[in-house]
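Enquirer: Pasting a structure here, questions to come.
The values are calculated or read from the model by the stated rules, or taken from the named source; none is laboratory data. All of these numbers come straight from a predicted model, not from anything done at the bench. With ideal geometry, Cβ positions are generated from the backbone for all residues, glycine too; neighbour counts draw on all protein chains shown. When the accessible area is computed, the model is the full protein with side chains, heavy atoms only, and any ligands, DNA or RNA have been set aside. Shrake-Rupley method; radii C 1.70, N 1.55, O 1.52, S 1.80 Å.
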Amino acid sequence: MFEIVEREEMAQGTIISNWIRAPKIAQKAKPGQFVILRANEKGERIPLTMADTDPERGLINVIFMVVGKSTALFKTLKVGDSYQDVIGPLGQPTHLEKVGKVVCVGGGTGIAVLHPITRGLKQIGNHVISIIGARSKDLLILEDKMRAVSHELYVCTDDGSYGHHGFVTDMLKKVLEENKDLGLAVCIGPVPMMKFCSLMTKDYGVKTLVSLNPIMVDGTGMCGCCRVQVGGQMKFACVDGPEFDGHQVDFDELTLRLRSYLPQEKLSYDLFKAQLGGACSCGS
Amino acid sequence: MAEEEKEKAPKKEKIPRQKMPEQPPEVRRKNFEEVPYGYTPELAMKEAERCIQCKDPRCRQGCPVEIDIPAFIKFIKEGDFEGAIRKLWEKNSLPAVCGRVCPQEIQCEGLCVLGKKDEPVAIGNLERFAADYQRLHGRDILPPKAEPTGKKVAVVGSGPAGLTVAGDLILKGHEVTIFEALHAPGGVLVYGIPEFRLPKEIVFHECNYLKRLGVKFELSQVIGRSETVDELLERFDAVFLGVGAGLPVFLKIPGEHYIGVYSANEYLTRSNLMKAYDFPNYDTPIVRGKRVATFGGGNVAMDAARTALRLGAEHSYIIYRRSRAEMPARAAEIHHAEEEGVEFLLLTNPVRFLGNEEGFLTGVECLRMELGEPDASGRRRPVPIPGSEFTIEIDTAVIAIGSGANPLLTRSTPGLALNKWGYIIADPKTGKTMKPRVWAGGDIVTGAATVILAMGAGRLASNSIHDFLTMGW
């Protein structure tokens, strides 16, 4: 069992941070790697890229948005409760190298995944420009942590409630224009954001890493559920990724495959909400 | 009159092979419960009586783990079911599994002398009976264990090879720890073989038997990531790698990304390990296709096609590019699939998948084939008939054309020699790899094969590991 030792609700309770006791994983994990979590015997195996680790205390940090039954179930777990299984570290670590100047772009919970990578890039001597965004100020996470690991930080909100009014891609364009010496872009967030960031950096010839989140089952390369097209080749995000060259990824295919179980996911979530509410789901 | 006849003819030849009662096809195709019910004690004793107790039993030569078959059958005949299970345990830690999934027709039963004129003794059914009787009615007994040797063995993978190695070495007095990547032990027995062919409760019971003997299970440990083989070698005297093949093979035709196209590994893992057939009671979903095509002709293909029926398919097709004679599945599996209404489209090869704008699978375009000259495998090579394209409407496709070698462990283990397909090179007599103190067996050495062959490889490796631990070579 994997105990939750710290828990925080962010973005008005839509995003949850858990620090989980998993000493073996905390020892091994590197930025960019993920774990698979299962709340209980009947639960799904949910992959989440680690937001941080604390090897000395034997803890790992995951930050997730509540989007369906499984993440809603994770949200119900309190400090002292446990996940039945936490498996990892899985996937390839980020290849951190000194390239000079880098831009790190994060959207939504992607910021949580971006943070340790940004920190790593700064630690090895890169000049780091970061851009983070959310729909509105209330939904923005980890601004302070990102500021601490960046030389420059720009914040964007879709509704203009905080920072620059607009998408992260707008700010990315400005940064690309003003910094012709960028050696790397790391873009992590919702699929459309990663797609449009990658299209933009391609125009400027800046190498771009994205971290993909396809549906997975085992996470060890056995089932092929997480297959993605990268440069016209079939890759498994769980073992070949989760990070890939953003200029090579077929984001449209990824978007389609992420919708594989929409009806089932809705059914499952509705049943769970009804169960949590202790009432029927007829809407009364 | 009847009395006289009995005296003339030897009694044994007169008993026909006892059929195992089973769920009728029209009922079972709708549920996930096990198909055969198993022998009653009366049926088992009657079947056991058919064995003529050969002095030089050929059946035993056909058993990869060398069970003393006539001896355990004799115990059943005498009604000593505990004696039968003790005899089985001497050579086999997983009798309830083997009794269900071994291809007996090409092993023990294929060599039974009775089979020359009549039907062979139902050795598999009897093995299953002895194990089931012990599980359901037996006393709480365990086989004797040797004195502790103080040696420690790590077994990577809890499939049939790993469980066999663990069972053998724990009885010989060594400490054994099994590392399993998934959250439940059993490997392919749990994620691959469906409930209706091998109930998971039986696998857990067999694993529990090993636990009671002292085997430690470390679940959710992905060796290669959680810990490397070299790290295991610091803590253990020997390491056995039985991680299975575990890499899905796709058809490499256009459209494999459509929603509803599954590898057999994914389809079966969702349904079996994650119990998606019981969604939404269990949280993992699966596409419940109405028109399902499974590609391939092996046991895994039969399992997938039969699973599709139970998930509510109105049509469950097997699409196979050769003819029935070349199908690698066990005869019994093909028979069961046919009885349940699986439709076989033979000499048919898929060319591309078709889908709609939302990304859902809608059909598959196929070509008809004819058999040409034999190829390298000795089987007649299927050759496409030009212009024979046709389309089958389907909403789910399961690709069951074999597995490759999963590189996750091997890539992180320097010193292991691999062949050109990525499988581990190991001595076929001992399971020794090129890396000192590391043995390997099962599908990660041979490529995808059967449960019992993996167990046989486990047996050879455990003998070699025991020699190494006790004598140093």
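Enquirer: Within region B:47-74, how many residues are under 27 Å from B:D168 (Cα atoms), more than 26 Å from the chain's Cα centre (by Cα) and not in a loop (DSSP other than H, G, I, E, B)?
Expert: Result for region B:47-74: 1.
Enquirer: If I filter region B:319-337 for residues that are within 14 Å of chain A (Cβ to nearest Cβ), among the hydrophobic types (A, V, I, L, M, F, W, C) and part of a strand (DSSP E or B), do I get at least one hit?
Expert: Checked region B:319-337: no residue is within 14 Å of chain A (Cβ to nearest Cβ), among the hydrophobic types (A, V, I, L, M, F, W, C) and part of a strand (DSSP E or B).
Enquirer: Which of the residues belonging to region A:174-231 are more than 14 Å from every other protein chain (Cβ to nearest Cβ), open to solvent by 40 Å² or more (accessible area, probe 1.4 Å) and not in a loop (DSSP other than H, G, I, E, B)?
Expert: Of everything in region A:174-231, those that are more than 14 Å from every other protein chain (Cβ to nearest Cβ), open to solvent by 40 Å² or more (accessible area, probe 1.4 Å) and not in a loop (DSSP other than H, G, I, E, B) turn out to be A:K174, A:E177, A:E178, A:P192, A:K195, A:F196, A:L199, A:K202, A:D203, A:Y204.
Enquirer: Scan (1) open to solvent by 20 Å² or more (accessible area, probe 1.4 Å); (2) in contact with a Pro (Cβ under 7 Å, 6 or more places away or on another chain) for the single condition B:K211 breaks and write down its number.
Expert: Exception for B:K211: condition (2).
Enquirer: Out of the residues in region A:238-268 meeting the condition of being more than 19 Å from the chain's Cα centre (by Cα) and aliphatic (A, V, I, L, M), tell me which one is farthest from the other protein chains (Cβ to nearest Cβ).
Expert: Checking each candidate, the answer is A:L262.
Enquirer: Do any strands (runs of 3 or more DSSP E) lying entirely in region B:347-455 carry at least 3 residues that are open to solvent by 20 Å² or more (accessible area, probe 1.4 Å) and not basic (K, R), and which ones are they?
Expert: Per the criteria, B:348-355, B:361-374, B:390-393.
Enquirer: Further question: Which condition does A:L96 not pass, out of (1) open to solvent by less than 40 Å² (accessible area, probe 1.4 Å); (2) within 21 Å of A:L184 (Cα to Cα); (3) out of contact with any strand residue (DSSP E or B) (no Cβ under 9 Å at 6 or more places or on another chain), if it passes all the others?
Expert: Status for A:L96: all satisfied but (1).
Enquirer: Going through region B:214-240 one residue at a time, which ones are crowded, with 17+ Cβ neighbours inside 10 Å and more than 14 Å from every other protein chain (Cβ to nearest Cβ)?
Expert: Within region B:214-240, B:V215, B:V229, B:L233, B:F236, B:D237, B:A238, B:V239, B:F240 meet the criteria.
Enquirer: Considering only residues that are of a type outside the set (S, T, Y) and open to solvent by 30 Å² or more (accessible area, probe 1.4 Å), which ones fall in region A:101-130?
Expert: A:K101, A:R119, A:K122, A:Q123, A:I124, A:G125, A:H127
Enquirer: Evaluate the following for A:G68: is it in contact with a Phe, Trp or Tyr (Cβ under 6 Å, 6 or more places away or on another chain), within 11 Å of chain B (Cβ to nearest Cβ) and either crowded, with 17+ Cβ neighbours inside 10 Å or not polar (S, T, N, Q) (or both)? Show your work before the answer.
Expert: Details: in contact with a Phe, Trp or Tyr (Cβ under 6 Å, 6 or more places away or on another chain): yes; within 11 Å of chain B (Cβ to nearest Cβ): yes; either crowded, with 17+ Cβ neighbours inside 10 Å or not polar (S, T, N, Q) (or both): yes.
Criteria met by A:G68.
Enquirer: Suppose we filter region B:292-320 for residues that are among the charged types (D, E, K, R) and buried (at least 24 other Cβ atoms within 10 Å of the Cβ); how many remain?
Expert: So the count comes out to 2.
Enquirer: Right, next: Among the candidates B:A405, B:A449, B:A376, which residue alone is within 28 Å of B:A325 (Cα to Cα), aliphatic (A, V, I, L, M), within 14 Å of chain A (Cβ to nearest Cβ) and out of contact with any Pro (no Cβ under 7 Å at 6 or more places or on another chain)? Talk me through it step by step, then tell me what you get.
Expert: Working: B:A449 fails: within 14 Å of chain A (Cβ to nearest Cβ); B:A376 fails: within 14 Å of chain A (Cβ to nearest Cβ).
Of the residues listed, the single one that is within 28 Å of B:A325 (Cα to Cα), aliphatic (A, V, I, L, M), within 14 Å of chain A (Cβ to nearest Cβ) and out of contact with any Pro (no Cβ under 7 Å at 6 or more places or on another chain) is B:A405.
Enquirer: Could you check, for region A:81-89, whether at least one of its residues is more than 14 Å from chain B (Cβ to nearest Cβ), over 21 Å from A:V210 (Cα atoms), in contact (Cβ under 8 Å) with a residue 60 or more places away in the chain and surrounded by fewer than 24 Cβ atoms within 10 Å (Cβ to Cβ)?
Expert: Yes, that holds for at least one residue.
Enquirer: If you take the residues in region B:331-344 that are open to solvent by 50 Å² or more (accessible area, probe 1.4 Å) and touching a residue at least 40 places away in the same chain (Cβ under 8 Å), which one is farthest from B:I401 (Cα to Cα)?
Expert: So, considering only residues that are open to solvent by 50 Å² or more (accessible area, probe 1.4 Å) and touching a residue at least 40 places away in the same chain (Cβ under 8 Å), the one farthest from B:I401 (Cα to Cα) is B:E339.
Enquirer: I would also like to ask the following. Checking B:L182 against (1) part of a loop (DSSP other than H, G, I, E, B); (2) out of contact with any Asp or Glu (no Cβ under 6 Å at 6 or more places or on another chain); (3) open to solvent by 10 Å² or more (accessible area, probe 1.4 Å); (4) closer than 24 Å to B:Y39 by Cα, which single condition isn't satisfied?
Expert: Every condition holds for B:L182 apart from (4).
Enquirer: On to the next question. Please give the number of the condition B:P24 fails out of (1) open to solvent by 40 Å² or more (accessible area, probe 1.4 Å); (2) modelled with pLDDT under 90.
Expert: Single failed check for B:P24: (2).
Enquirer: To continue, here is another question. Run down A:D144, A:D159 and say which single residue is of a type in the set (D, E), in contact with a Lys or Arg (Cβ under 7 Å, 6 or more places away or on another chain) and surrounded by fewer than 19 Cβ atoms within 10 Å (Cβ to Cβ).
Expert: Working: A:D144 fails: in contact with a Lys or Arg (Cβ under 7 Å, 6 or more places away or on another chain).
Criteria check complete, one pass: A:D159.
Enquirer: Any residue that is away from chain A (no Cβ under 14 Å) and either more than 18 Å from the chain's Cα centre (by Cα) or surrounded by 22 or more Cβ atoms within 10 Å (Cβ to Cβ) (or both) - is there at least one of those in region B:242-261?
Expert: Looking only at region B:242-261, we keep the residues that are away from chain A (no Cβ under 14 Å), and these are B:242.
Of the ones still in play, those that are also either more than 18 Å from the chain's Cα centre (by Cα) or surrounded by 22 or more Cβ atoms within 10 Å (Cβ to Cβ) (or both) are B:242.
Scanning region B:242-261, I find at least one residue that is away from chain A (no Cβ under 14 Å) and either more than 18 Å from the chain's Cα centre (by Cα) or surrounded by 22 or more Cβ atoms within 10 Å (Cβ to Cβ) (or both), so the answer is yes.
Enquirer: Further question: Yes or no: A:I63 open to solvent by less than 50 Å² (accessible area, probe 1.4 Å), within 13 Å of chain B (Cβ to nearest Cβ) and assigned to a strand (DSSP E or B)?
Expert: no
Enquirer: Sticking with this one: Only one of (1) open to solvent by 30 Å² or more (accessible area, probe 1.4 Å); (2) within 13 Å of B:H257 (Cβ to Cβ) is not met by A:D245, so which one is it?
Expert: (2)
Enquirer: Could you check A:D170 against (1) at pLDDT below 95; (2) part of a helix (DSSP H, G or I); (3) in contact with a helix residue (DSSP H, G or I) (Cβ under 7 Å, 6 or more places away or on another chain) and say which number it fails?
Expert: (3)
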